[in-house]
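Inspection log for the structure reproduced underneath, given as structure tokens.
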Amino acid sequence: MSSVRKTETIPQWKREEVDALVDFLESYTSVGIVGVTGIPSRQLQAMRRELHGSAEVRMSRNTLTIRALEAVDDGLEELVDYVDGQVALIGTNDNPFGLYKQLEASKTPAPINAGEVAPNDIVIPEGDTGVDPGPFVGELQTVGAAARIMDGSIKVTEDSTVLEEGGVVDDDLAGVLSELGIEPKEVGLDLKGVHSEGILFEPDELAIDVDEYTADVQAAAAAARNLSVNAAYPTARTAGTLLAKASGEAKSVALYASIESPDVVPDLIGRADAQLRALAAAIDDDEALPEELRGVEAPAAPEASTEDEEEQATEDEAAEADDDDDDDDDDDGGEGLGAMFG
């Protein structure tokens, strides 16, 4: 008895849906997979409206989504691993960091139901519950909260962790949290992975503290400038500082060696005059001094040497040049980070 091999026929609507998904994937520079589990339909629609103009969410059957990702190829097939459970496609021409930041900012607190897994440790905080004395104190104690009746009210005497991250919420705990108005989870589009310009990013790679990142870049730029100056390696940013430093050092050498350069002659004369007056003030016998030096008083306080003044002036000039560079770098850095992180 011969067997007849049957060829699977793909319905027309499925082929059209895959084609539409492919067009969607090819329309954006960054494409990701977001989880939509537990998001009510009305709230999901509101999220899609909030994203309008910056990102688009496209929902379909997982099998068709996988077909579309594999059809586009170009690295997008890596996203297939994230197509599991209730998910949707999200596309944007923004960078992945900006997309992640926007999705995280759009999440809102929500109550947790029995049977759900705790996304983090659930804590009932210390304080007055506002509930009158009654059976509720026993319910609190049952779920592990340190509670007692005090001053005519039910109070939690200390912060109480009633369920650790990853634990399953039971009916008793769900009821207690609802009564207290505690919303331990966040509802929103949960970015699972995003593909952009040939690179696959996961959420932990996108969760960047922008302020800390900016500080790191500024510190690195400052260290690079210091290295360039100390190594006498001229760049467009440090040439002015190096020239100012060299000029100050040359002048210091000329003063120390008493070289009669036009730039230092006034300083040499001033230093010689100060030394002469100090010497004259130290001689008690006026008869031993020329008439013009008699009665000269020593300076009230020692003044900084010309060399010290020159070194300080050089340092101030270099610092001012660095400050100008810092201002330029801050402007450029702010624009660059703004473009990167959205």
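Scanning segment 141-159 for residues that are part of a loop (DSSP other than H, G, I, E, B) and loosely packed, with under 14 Cβ neighbours inside 10 Å returns Asp151, Gly152, Thr157, Glu158, Asp159. Scanning segment 192-248 for residues that are of a type in the set (Asp, Glu), within 30 Å of Asp74 (Cα to Cα) and in a helix (DSSP H, G or I) yields Asp204, Glu205.
Of the residues Gly138, Gly115, which is over 30 Å from Ser54 (Cα atoms), in a helix (DSSP H, G or I), out of contact with any helix residue (DSSP H, G or I) (no Cβ under 6 Å at 6 or more places or on another chain) and not assigned by TED's automatic domain parsing to the domain that holds Val34?
Details: Gly115 fails: in a helix (DSSP H, G or I).
The match here is Gly138.
Selection of segment 114-129 for residues being touching a Ser or Thr at 6+ places or on another chain (Cβ under 9 Å) and closer than 20 Å to Gln43 by Cβ yields an empty set.
Return the only residue of Ala278, Ala244 being more than 30 Å from Glu104 (Cβ to Cβ) and either touching a helix residue (DSSP H, G or I) at 6+ places or on another chain (Cβ under 6 Å) or at pLDDT 85 or above (or both).
Working: Ala278 fails: either touching a helix residue (DSSP H, G or I) at 6+ places or on another chain (Cβ under 6 Å) or at pLDDT 85 or above (or both).
Among Ala278, Ala244, only Ala244 is more than 30 Å from Glu104 (Cβ to Cβ) and either touching a helix residue (DSSP H, G or I) at 6+ places or on another chain (Cβ under 6 Å) or at pLDDT 85 or above (or both).
Yes or no: Gly166 assigned to a loop (DSSP other than H, G, I, E, B) and closer than 30 Å to Ile90 by Cα? I'd like the intermediate steps shown before the answer.
Values: assigned to a loop (DSSP other than H, G, I, E, B): yes; closer than 30 Å to Ile90 by Cα: yes.
Answer is yes for this residue.
Residues in segment 230-263 that are out of contact with any Asp or Glu (no Cβ under 9 Å at 6 or more places or on another chain) and touching a residue at least 12 places away in the same chain (Cβ under 8 Å): Leu242, Asp263.
On the given criteria, is Ile10 over 30 Å from Thr108 (Cα atoms) and among the aliphatic types (A, V, I, L, M)? Considered against the rule, which asks whether it is over 30 Å from Thr108 (Cα atoms) and among the aliphatic types (A, V, I, L, M), Ile10 comes out as yes. Under the condition of being small (Gly, Ala, Ser), outside any loop (DSSP other than H, G, I, E, B) and modelled with pLDDT of 85 or more, the residues counted in segment 1-45 number 4. Ala145 passes every criterion in (1) without any contact (Cβ under 8 Å) to a residue 40 or more places away in the chain; (2) farther than 16 Å from Gly167 by Cβ apart from (2). Screening Val187 on (1) under 30 Å from Ser27 (Cα atoms); (2) at pLDDT below 90; (3) exposed (fewer than 14 other Cβ atoms within 10 Å of the Cβ) shows it passes everything except condition (3).
Identify all residues within segment 193-212 that are closer than 17 Å to Asp94 by Cα and surrounded by fewer than 19 Cβ atoms within 10 Å (Cβ to Cβ); write none if there are none.
Filtering segment 193-212 for residues closer than 17 Å to Asp94 by Cα gives 193-203, 205-208, 210.
Matches in segment 193-212: Glu197, Gly198, Ile199, Leu200, Glu202, Pro203, Glu205, Ala207, Ile208, Val210.
If you go through segment 200-229 one residue at a time, how many are closer than 12 Å to Gly32 by Cα, touching a residue at least 40 places away in the same chain (Cβ under 8 Å) and either in contact with a Gly (Cβ under 7 Å, 6 or more places away or on another chain) or hydrophobic (A, V, I, L, M, F, W, C) (or both)?
If we filter segment 200-229 for residues that are closer than 12 Å to Gly32 by Cα, which is where we start, we get 200-203.
Okay, now just the ones that are also touching a residue at least 40 places away in the same chain (Cβ under 8 Å), so 200-201, 203.
Add one more test, that the residue is either in contact with a Gly (Cβ under 7 Å, 6 or more places away or on another chain) or hydrophobic (A, V, I, L, M, F, W, C) (or both), and what stays is 200-201.
The total comes to 2.
The values are calculated or read from the model by the stated rules, or taken from the named source; none is laboratory data. All of these numbers come straight from a predicted model, not from anything done at the bench. Note that we place each Cβ from the backbone using ideal geometry, even for glycine, and neighbour counts take in every protein chain shown.
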